[in-house]
Amino acid sequence: MKMVNITIDGINMQVPEGTTILEAARQANIRIPTLCFLKDINEIGACRMCVVEVKGARALQAACVYPVAEGLEIKTNSDKVRRARKVTLELILSNHDRECLTCVRSNNCELQKLSKELNIRDIRYKGEQTEHDIDDLSLSIVRNNNKCILCRRCVSVCQNVQTVSVLETVNRGFNTKIGTAFDIPLANTPCVNCGQCIAVCPVGAIYEKSDIEKVWDAINDPDKYVVVQTAPAVRVSIGEAFGMPLGSRPTGKMVTALKMLGFDKVFDTDTAADLTIMEEGTELMHRIQNGGKLPLITSCCPGWIKFCEHNYPDFLDNLSTCKSPHEMFGAVLKTYYAKKMNIDPAKMVVVSIMPCTAKKFEAGRPELSAAGYPDVEYVLTTRELAQMIDEAGIDFVNLEDSTFDDPIGEASGAGVIFGATGGVMEAALRTVADILSGESLPVEKIEYTEVRGVEGIKEAQIEVGGKVIRACVAHGLGNAREVLDRIRAGEAEYDFIEIMACPGGCVNGGGQIIQPSEVRSWIDLIVERTKAIYAEDRSMPIRKSHENPYIKKLYDEYYGEPGSEKAHHDLHTTYQQRANYPLDN
Amino acid sequence: MGSSSCSCSVADEKLLKLQKIIEENRNKKGALIHVLHEAQTIYGYLPIEVQKVVAEGMGVPLAEVYGVVTFYAQFSLKPKGQYKISVCLGTACYVKGANLVLQKLDEELGISVGDCTNELRFSPESCRCIVACGLAPVITINEDVYGRLSPNDVPNILAKYKE
């Protein structure tokens, strides 16, 4: 790589040719403010907050897209630069709904932070303001364009990363806005509710549809038995909301906090992930042994499921019929558990804490109701849980640890790794390998590192019990599309595929604690949170789903065996083709 | 979805024509704008049904098609009338009171610029200088030119096109 000599604010340095001024400045510990920039996702130089003086250039240049060349002299902190940034920010603010106190992103807003940093005390431009309706018809996502600063990160992630492409920049000039085709509400588009748009939004223009008040109401209703469960990935992000470092896993504190909030029982969705493996692993072996439809594709991820229903209806028969783990758990709670504990399922309310916004839509699917009631009533994101903890005045960081409730409180490490890309695949392989080989494989043979990692599409031929399974793991819907297109074209053949809608899997879900560009542009959130997931796996006494004693008990006492008729009724589901834009809306 | 379910609202002949154009341009990079132009020539405007056919045929998301259509002024989401009225708002016409002419026109037709009267007869638009500044303020109705107008002339002019 060719190195070039440049000068930034009088500091001479050598950097590889083509490095952006922004990155070069970072290496010199010089911070250039950004707003629209999000590394690898949105590098378009649109907002002009990162402008710098480049010697010899006619105008100020956007540091985030300007590649350095030999001899470049840059000033990032001149009077001209500072004034320009301030004027630009004032102009952005002049057409922004500045009700910060009641904004969902107050205190975690990149625009608010920048206003403070640049010492904005007055907005001199009092021009016309655009007014937009709020789209809150989706069960998962709310869009408020009055907060939008047109950075286009959401458009980029929706189109380029997820290839869902329902968000676009529409109209022109002052009327420009982020919208959908014909302003159709998100709910009536092929939006899959993954919430990646929320995760990248620097302001409060896109956020989850909140169910916090409904959950408070349920908790405070003496007639209701309110059960909460938490997904594997929630525990490796929730600490971030309370200032804990990335990669913390305050599982015990989270359980304590949930008990303090007043839930009657606190369970771990990981237990249901073990159950999923029993059902899905059995399904996989059945399909392989009986010439069933292959590849089998995992069905844990509701973003992926809706994507498949819209875009790949020819693959609906490939989907595992297993409900996702938290829905399975809801079904078990309202059937087996309700009976065992003598609780009227009509009075039971199941709340799922998920790293996900698509789970909100999923919980509303009418087909997911094993006992005649929704398996899960409410889904809260990791962010909503943090909000409730704040609202209750709980000092999260200083909480004592506690453990999940019995009798279905224990989970295996296999259940935990569902939170990372490749995790469901690995968990399934751990169980299938034992069953096919008829022995219990030792710890050193159960870590399938070939399906781990951040690479978008992972392929492996894995021998389990004398059978070679052609496996593929895809995360991020753009990667899923690529895999499915290759299968359609006859260019690839697999037995088992894991697909997660969000890049990195659930650890990077659309419901996780939002990290600003300044953090996530330079630190790989996926890597940090995933490390915590695998550390949690290694800390578990049981590493395989089928060795979880509660799962064994559940089959002994209630379901008989995996794939039984009763199991099918409660734990499996169906899918339907969905029109992308139904004409009658 | 798709062309088959569209045929109920869009005449088959037009649809076939559009599909042929899409076929010819499907794998060409940057052909979307050209196809939209042709589609507008065929249908007169670009309603959702037409944009869906283009989106699906060209393999481009509907949101992106809509984004392009709403960006360029020459694309219209609304039908155009039999008579397209262009009111010149160039500098010369403007200082000679073109905005008053436009206002009168809107009043008479009961609609505003960009819309179309219910019976699909008139669609008023504003336009840039048409280089007939000596006639300012000037309007055109299809190929006919009317100059040195006062707002009071508008009703009589419109009457000619109402028979």
(message) Give me the extension gain from residue A:116 to residue A:57: residue separation times 0.36 nm, minus the current Cα-Cα distance, reported in nm with one decimal.
(response) 18.3 nm
(message) Restricting to DSSP H runs of at least four residues, report the calculated mean residue ellipticity at 222 nm for the protein assembly as shown, -39500 (n - 2.57) per run over all residues, nearest 500 deg cm²/dmol.
(response) -10000 deg cm²/dmol
(request) Determine, for A:349, B:131, A:157, the number of other Cβ atoms within 10 Å of each Cβ, and report the residues in order from fewest to most. (result) B:131, A:349, A:157
(request) Take peptide A:163-169, look around each residue's Cβ out to 10 angstrom, count Cβ atoms belonging to other protein chains, and average those counts. (result) 4
(request) Before anything else, pin down the relative contact order of segment B:2-71: Cα pairs under 8 Å, at least 6 apart, normalised by residue count, whole percent. (result) 34
(message) For a quick check: with amide H placed at 1.01 Å from N, whose amide H comes under 5 Å from residue A:379's, ignoring anything fewer than 5 positions away on the same chain?
(response) A:352
(message) With +1 on the Cβ of every Lys and Arg and -1 on the Cβ of every Asp and Glu, and nothing else charged, how large is the dipole of chain A about its Cα centre, in debye rounded to the nearest 20?
(response) 2080
(request) Round to the nearest 0.05 the FRET efficiency obtained for residue A:5 and residue A:129 when R0 = 56 Å and r is the Cβ-Cβ distance. (result) 0.75
(message) Restricting to bridges with both residues inside segment A:457-533, how much of the DSSP beta-bridge set is antiparallel, in percent to the nearest 5?
(response) 60
(request) Excluding residues on the same chain fewer than 8 positions from residue A:113, give the lysines whose Cα lies under 26 Å from its Cα. (result) A:39, A:75, A:80, A:86, A:126, A:147, A:177, A:209
(request) Relative to the longest principal axis of the C-alpha atoms of chain A, give the angle of the C-alpha long axis of helix A:382-391, reported between 0 and 90° and rounded to the nearest 10°. (result) 80
(request) Of the options B:118, A:101, A:328, report the single residue whose Cα projects farthest towards the positive end of the charge dipole of the protein assembly as shown (beta-carbon charges: Lys, Arg +1; Asp, Glu -1). (result) B:118
(message) Placing +1 on the Cβ of each Lys and Arg and -1 on the Cβ of each Asp and Glu in the protein assembly as shown, which of A:428, B:158, B:34 has its Cα farthest towards the positive end of the resulting dipole?
(response) B:158
(message) Restricting to Cα pairs below 8 Å that are 6+ residues apart, what does the relative contact order work out to for chain A? Please round to a whole percent.
(response) 16
(message) Restricting to DSSP loop positions (anything but H, G, I, E, B) with no more than 12 other Cβ atoms inside 10 Å of their own Cβ, which GluC sites (Glu not before Pro) remain in segment A:127-231?
(response) A:128, A:131
(request) Return the sequence-ordered ³J(HN,Hα) values of segment A:506-519 in whole Hz as given by the Karplus equation 6.51 cos²θ - 1.76 cosθ + 1.60 applied to θ = phi - 60°, using x for Gly and Pro. (result) 5, 4, 10, x, x, x, 6, 4, 7, 9, x, 3, 4, 8
(request) Compare the Cα positions of A:114, A:256, A:239 along the charge dipole of the protein assembly as shown (+1 at Cβ of Lys, Arg; -1 at Cβ of Asp, Glu; about the Cα centre) and return the one farthest towards the positive end. (result) A:114
(request) Quick one: dipole size for segment A:141-267, taken about the Cα centre, charges +1 on Lys/Arg Cβ and -1 on Asp/Glu Cβ, in debye to the nearest 20. (result) 420
(message) Explain nothing, just compute: Karplus ³J(HN,Hα) = 6.51 cos²θ - 1.76 cosθ + 1.60, θ = phi - 60°, for every residue of segment A:38-54 in order, whole Hz, x for Gly and Pro.
(response) 9, 3, 6, 10, 9, 10, 10, x, 8, 7, 6, 6, 9, 5, 9, 8, 10
(message) Let me check I've understood the local charge: for residue B:86, count other residues with C-beta under 10 angstrom from its C-beta, Lys and Arg +1, Asp and Glu -1. What total comes out?
(response) +1
(message) Let's test the formula: R0 of 25 Å, r as the Cβ-Cβ distance of residue A:172 and residue A:86. What FRET efficiency results, to the nearest 0.05?
(response) 0.40
(request) Only loop residues by DSSP count here, and only those with at most 13 other Cβ atoms within 10 Å; note down the trypsin sites (Lys or Arg not before Pro) in segment A:253-342 that meet that. (result) A:293
(message) Once R0 is set to 60 Å, what does the formula 1/(1 + (r/R0)^6) return for the Cβ-Cβ distance between residue A:403 and residue B:19, expressed as a FRET efficiency to the nearest 0.05?
(response) 0.40
(message) Can you compute the modelled spin-label distance between residue A:435 and residue B:82, with each label point 7 Å from Cα toward Cβ, in nm?
(response) 7.3
(request) Quick one: P(r) of chain B from all Cα-Cα pairs, 10 Å bins, percents rounded to integers, in order of increasing distance. (result) 10, 34, 26, 20, 10, 0
(request) Could you work out, residue by residue across A:173-181, how many beta carbons of other chains sit within 10 Å of that residue's beta carbon, and then give the average as an integer? (result) 3
(message) Test of the criteria: in segment A:62-162, which trypsin sites (Lys or Arg not before Pro) are in a DSSP loop and have at most 11 other Cβ atoms within 10 angstrom of their Cβ?
(response) A:121, A:124, A:126
(message) Considering the Cα positions of the protein assembly as shown, please state its Rg to one decimal place and its Dmax as a whole number of Å.
(response) 29.8, 97
(request) Work out from phi, with θ = phi - 60° and the Karplus expression 6.51 cos²θ - 1.76 cosθ + 1.60, the ³J(HN,Hα) of each residue of segment A:18-26, listed in order in whole Hz, and give x for Gly and Pro. (result) x, 4, 6, 4, 4, 6, 4, 4, 4
(message) Charges at C-beta only: +1 for Lys and Arg, -1 for Asp and Glu. How large is the resulting dipole of segment A:429-585 about its Cα centre, in Debye rounded to 20?
(response) 180
(request) Starting from 0 in steps of 20 Å, tell me what percent of the Cα-Cα pairs of segment A:212-571 lands in each bin. (result) 32, 60, 8
(request) Only Cα pairs under 8 Å and at least 6 apart count here; give the relative contact order of chain B as a rounded whole percent. (result) 19
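We did not get these values from a lab; they are worked out from the coordinates using the rules stated. Model, not experiment: these values are computed from the prediction. As a convention, Cβ positions derive from the backbone with ideal geometry for all residues, glycine included, and neighbour counts pool all protein chains shown.
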